[in-house]
Amino acid sequence: YDTLGNLIGTVMRDMQFVAYPCSNVPPDASTGTITNPSGTATVLGSNAIQVCESGSFCFDMVISDANPGNVLDAVSNVSSVLPGATFSFSGTNPITCSVCWNGTNATSGFYPFVVTVDDGACPIPALQTYAYTVQVLDGVFIQVQATDASCLGNSDGTAAVTVNDGLPPYQFSWSNLAATTPVVSAGAGTYTVTVTDANGCVSAPGTAIINAPAPPTANAGPDVVACSGNYPISLVGAVSNAATTSWSGGAGTLTSNGVNATYT
């Protein structure tokens, strides 16, 4: 037809169809439900799973065909739908398909994907498509900073966690500490924290290392034996981890110059 709707011409083509008597049936649509879930995901139904951005999962789907001689083959678009996801299968009939994913930031949303199974029958193979959904919730991602203690044995160091993303309120869990706050005071040591948000999403563990200088030590040097009136007597000491030094003691007068002193 032209732009005015007038018939310009027609084309006729012949197409040949060949019909084969075939008793083949496609793979069983009632199989393929989610089984063997692992990681931090929650199974929402036979074909749906929920996970946090800060989580990970693997699950299987066992798919079978009523024709025992058929060798099944499977493909999926999950790796293109959910970046980073992997798909594999093993076996012949039935087959076990596996999907795995490690969460990353900024991936929250719904991710429908399909698995298509070919039964390899001859002369005409049959296909069955199985649909699944992955729901990714906002994850919890954290940063941890530490401030050193003033001295070994003191508990005035700090460890602080900053929460990125997730749904407040948050719950804080520190290893080796009874604290449930984002900032804690502690002595020298290594502390690990995880954060759980209102959705139940759990962060990867964050580590804070609080260091502390060793306490100061002082050594006045070896004993000195001198005759009465044979003054001054030189004293040579040694210190470590100290900013200032002072001498005291004796019935006479001590005049110090750092770690060294004279006694009169």
Practice problem: Check every one of the strands (runs of 3 or more DSSP E) wholly within region 68-110 and list those with 3 or more residues that are surrounded by fewer than 21 Cβ atoms within 10 Å (Cβ to Cβ), of a type in the set (Phe, Trp, Tyr) and in contact with a His (Cβ under 7 Å, 6 or more places away or on another chain). | Solution: none
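Inside region 189-223, can you point out the residues that are under 19 Å from Gly139 (Cα atoms) and acidic (Asp, Glu)? Steps first, answer last, please.
Within region 189-223, the first condition is being under 19 Å from Gly139 (Cα atoms), and the residues that meet it are 192-207.
The one that is under 19 Å from Gly139 (Cα atoms) and acidic (Asp, Glu): Asp197.
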Exercise. Pull up region 69-81, narrow it to residues that are out of contact with any Asp or Glu (no Cβ under 7 Å at 6 or more places or on another chain), within 14 Å of Asp118 (Cα to Cα) and not aliphatic (A, V, I, L, M), then point me to the one that is modelled with the highest pLDDT.
Key: Ser76
Quiz item: Scanning region 3-62 for residues that are under 44 Å from the mean Cα position of the chain (by Cα) and of a type in the set (Asp, Glu), which turns out modelled with the lowest pLDDT?
Solution: Glu53
Quiz item: When only residues in region 230-247 that are under 47 Å from the mean Cα position of the chain (by Cα) and assigned to a strand (DSSP E or B) count, which is surrounded by the fewest Cβ atoms within 10 Å (Cβ to Cβ)?
Solution: Ser240
Exercise. Take Ser23 and decide whether it is small (Gly, Ala, Ser) and in a strand (DSSP E or B).
Key: no
Quiz item: Quick check: anything in region 142-155 within 23 Å of Thr194 (Cβ to Cβ), surrounded by 14 or more Cβ atoms within 10 Å (Cβ to Cβ), polar (S, T, N, Q) and within 23 Å of the chain's Cα centre (by Cα)?
Solution: no
Quiz item: Just one of the numbered conditions (1) farther than 30 Å from Asn47 by Cβ; (2) at pLDDT 95 or above; (3) of a type in the set (A, V, I, L, M, F, W, C) is not true of Leu127; which one?
Solution: (1)
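Only one residue in Asp138, Asp119 is at pLDDT below 95 and either buried (at least 16 other Cβ atoms within 10 Å of the Cβ) or under 27 Å from the mean Cα position of the chain (by Cα) (or both). Which one? Show your work before the answer.
On the way: Asp119 fails: at pLDDT below 95.
Asp138 is the lone residue from the list that is at pLDDT below 95 and either buried (at least 16 other Cβ atoms within 10 Å of the Cβ) or under 27 Å from the mean Cα position of the chain (by Cα) (or both).
Given Ala149, Ala159, Ala131, which one is among the aliphatic types (A, V, I, L, M), touching a residue at least 40 places away in the same chain (Cβ under 8 Å) and assigned to a loop (DSSP other than H, G, I, E, B)?
On the way: Ala159 fails: assigned to a loop (DSSP other than H, G, I, E, B); Ala131 fails: assigned to a loop (DSSP other than H, G, I, E, B).
One residue alone meets the criteria, Ala149.
Can you tell me which residue among Ala198, Ala160 is of a type outside the set (Val, Ile, Thr), exposed (fewer than 14 other Cβ atoms within 10 Å of the Cβ), modelled with pLDDT of 90 or more and touching a Pro at 6+ places or on another chain (Cβ under 7 Å)?
Values: Ala160 fails: exposed (fewer than 14 other Cβ atoms within 10 Å of the Cβ).
Just one listed residue meets the conditions, Ala198.
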Self-check item: Which numbered condition Ser203 misses (of (1) polar (S, T, N, Q); (2) loosely packed, with under 14 Cβ neighbours inside 10 Å; (3) in contact with a Phe, Trp or Tyr (Cβ under 8 Å, 6 or more places away or on another chain))
Solution: (2)
Practice problem: Within region 30-44, work out how many residues are exposed (fewer than 15 other Cβ atoms within 10 Å of the Cβ), in a strand (DSSP E or B) and on the phi < 0 side of the Ramachandran plot. | Solution: 3
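The values are calculated or read from the model by the stated rules, or taken from the named source; none is laboratory data. Keep in mind that what you see is a predicted model, and the values were worked out from it rather than measured. We place every Cβ from the backbone using ideal geometry, glycine too, and count neighbours over all the protein chains shown.
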